[in-house]
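To keep things clear, I will list the structure first and then write my remarks on it.
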Amino acid sequence: MESLTNALIQEARQTLQEVEELGGMTKAVASGMPKQRIEEAAARRQARIDQGKEVIVGVNKYRLEQEERVEVRDIDNSAVREAQIHRLNQVRQNRDNTAVQVSLNRLREAAASGQDNLLALSIEAVRIRATVGEISDAMEQAWGRYNAPIRSIAGVYGSEYAEDSDFADVREEINQFAVDEGRRPRIMVAKMGQDGHDRGAKVISTAFADLGFDVDIGPLFQTPEEVVRQAIENDVHVIGISSQAAGHKTLVQQLMQVLLAEKVDDMVVVVGGVIPPQDYEYLYQQGVACIFGPGTKIPQAAREVLSAVRERTKVAA
Ligand code: B12
């Protein structure tokens with residue numbers, strides 16, 4: 001315990017020094033460094049959890065034999081979307097649109113010049129019923145949109161497994177696939193919709209890469225069409241959806257429809273993340289091959305994904 005605390009203090013000191021060298025926290029954030037450190041820490045921690053070195057009661061130890069089924073509210077996302085569009089249309093019909101345009105123009109000019117108080121101008125726009133989308137669009141026209149760079153980290157998850165024979169066995173199975181099929185199994189880890197939780201996707205990406213998969217990571221907020229396009233371009237064996245914000249039923253169904261329309265029948269689709277057990281059957285019916293919830297041990301998941309790919313390759317041959 002003491003050595004872990006000392007190591008953490010040492011790491012924190014080193015990070016602070018790096019922040020200083022980069023010219024302060026704002027510049028460090030823009031460089032992507034803190035995000036990368038968080039992702040490395042998450043991958044190391046996941047490896048310790050998967051090996052049972054770190055205990056999460058009810059997740060990797062002391063699990064109930066019979067999990068109690070928790071009722072969760074089932075939301076019809078399409079109905080919510082329709083209702084929201086209807087409300088926005090009503091707002092737009094019942095406001096002074098000329099005044100809104102004048103206010104948004106002032107906001108855009110202030111964003112470009114940096115001369116005025118943007119918060120005051122935004123509040124003014126809201127009072128005459130400009131929407132949050134219109135206000136951020138006005139500033140986006142002046143500044144453009146920030147796209148977080150996607151960086152994958154290598155070796156962090158695998159290094160925690162140096163002596164583990166099961167980990168080595170899974171790697172061997174993946175190497176054997178490469179020998180049999182002439183290339184490594186390739187997975188695209190995708191995030192769809194407005195779900196910004198990327199920790200699970202990043203942990204899976206780094207761990208699958210350390211196990212021997214070729215891994216592509218899609219950007220945040222993709223549409224099902226964009227995911228399928230990228231998956232086809234990269235000729236992947238597997239689309240691995242990571243979903244934490246309850247969009248899985250709507251978005252996975254849409255993704256399956258796009259795959260059908262594109263006549264793609266040789267790709268395996270797997271889903272991971274926060275999926276209530278009562279939704280599993282629905283996703284299987286949509287054609288999802290495997291589902292991995294919180295507490296998934298990654299080497300085991302990789303083995304299952306590989307086996308689903310082998311099955312599909314056999315059928316396609
Ligand atoms: C960390 C976290 C956040 C962070 C996210 C940081 C980041 N960059 O990812 C922050 C603080 C930003 C956040 C924000 C929000 N969050 Co949040 N968040 C969490 C939390 C606590 C942990 C998620 C996590 O990172 N786990 C660690 C990773 C490694 O685990 P994992 O994702 O489950 O992945 C494992 C498996 O699921 C599986 N897996 C996952 N994906 C994949 C993919 C493949 C291919 C495979 C094989 C396996 C696999 O393998 C992984 C390893 O075991 C969860 C609660 C929880 N305990 O899950 C809530 C949770 C996901 N959040 C929730 C909510 C509601 C929100 C907010 C909407 C809150 C708000 N009102 O603003 C916002 C949404 C922001 C947005 N735009 O999406 C809810 C979602 C509820 C739902 N699904 O119905 C949760 C479940 C909390 C709760 N119980 O209510 N959140």
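The values are calculated or read from the model by the stated rules, or taken from the named source; none is laboratory data. Computed from a predicted model, the values in this text were never measured in an experiment. Note that we place each Cβ from the backbone using ideal geometry, even for glycine, and neighbour counts take in every protein chain shown. Only protein heavy atoms, including side chains, enter the accessible area calculation; ligands, DNA and RNA are left aside. Shrake-Rupley method; radii C 1.70, N 1.55, O 1.52, S 1.80 Å.
Descriptive notes on the structure:
- Which numbered condition VAL29 misses (of (1) among the hydrophobic types (A, V, I, L, M, F, W, C); (2) loosely packed, with under 15 Cβ neighbours inside 10 Å; (3) at pLDDT 90 or above; (4) in a helix (DSSP H, G or I)): (3)
- Residue that is most open to solvent (accessible area, probe 1.4 Å), among those in the range 249-259 that are within 15 Å of the ligand (Cβ to nearest atom) and modelled with pLDDT of 95 or more: LEU251
- Counting the residues of the range 220-230 that are open to solvent by 10 Å² or more (accessible area, probe 1.4 Å) and either under 25 Å from ARG303 (Cα atoms) or of a type in the set (Val, Ile, Thr) (or both) gives 2.
- Within the range 260-273, tally of residues that are free of Cβ contacts under 8 Å to residues at least 40 places away in the same chain and either open to solvent by 70 Å² or more (accessible area, probe 1.4 Å) or within 13 Å of the ligand (Cβ to nearest atom) (or both): 7
- Residues located in the range 45-55, provided they are touching a helix residue (DSSP H, G or I) at 6+ places or on another chain (Cβ under 6 Å) and not hydrophobic (A, V, I, L, M, F, W, C): GLN46, ASP50, GLU54
- Those helices (runs of 4 or more DSSP H) lying entirely in the range 57-169 with at least 2 residues more than 30 Å from GLN36 (Cα to Cα) and among the small types (Gly, Ala, Ser): 77-93, 97-113, 118-127
- Of the candidates GLU304, GLU233, the single residue that is charged (D, E, K, R), away from the ligand (no atom under 13 Å from the Cβ) and either open to solvent by 70 Å² or more (accessible area, probe 1.4 Å) or more than 15 Å from the chain's Cα centre (by Cα) (or both) is GLU233.
- Among the residues of the range 195-226, those that are more than 10 Å from the ligand (Cβ to nearest atom), small (Gly, Ala, Ser) and either within 16 Å of VAL270 (Cα to Cα) or touching a helix residue (DSSP H, G or I) at 6+ places or on another chain (Cβ under 6 Å) (or both) comprise GLY212, GLY218.
- Every test in (1) within 10 Å of the ligand (Cβ to nearest atom); (2) over 30 Å from ARG81 (Cβ atoms); (3) buried (at least 19 other Cβ atoms within 10 Å of the Cβ) is passed by PRO299 save one, and that test is (1).
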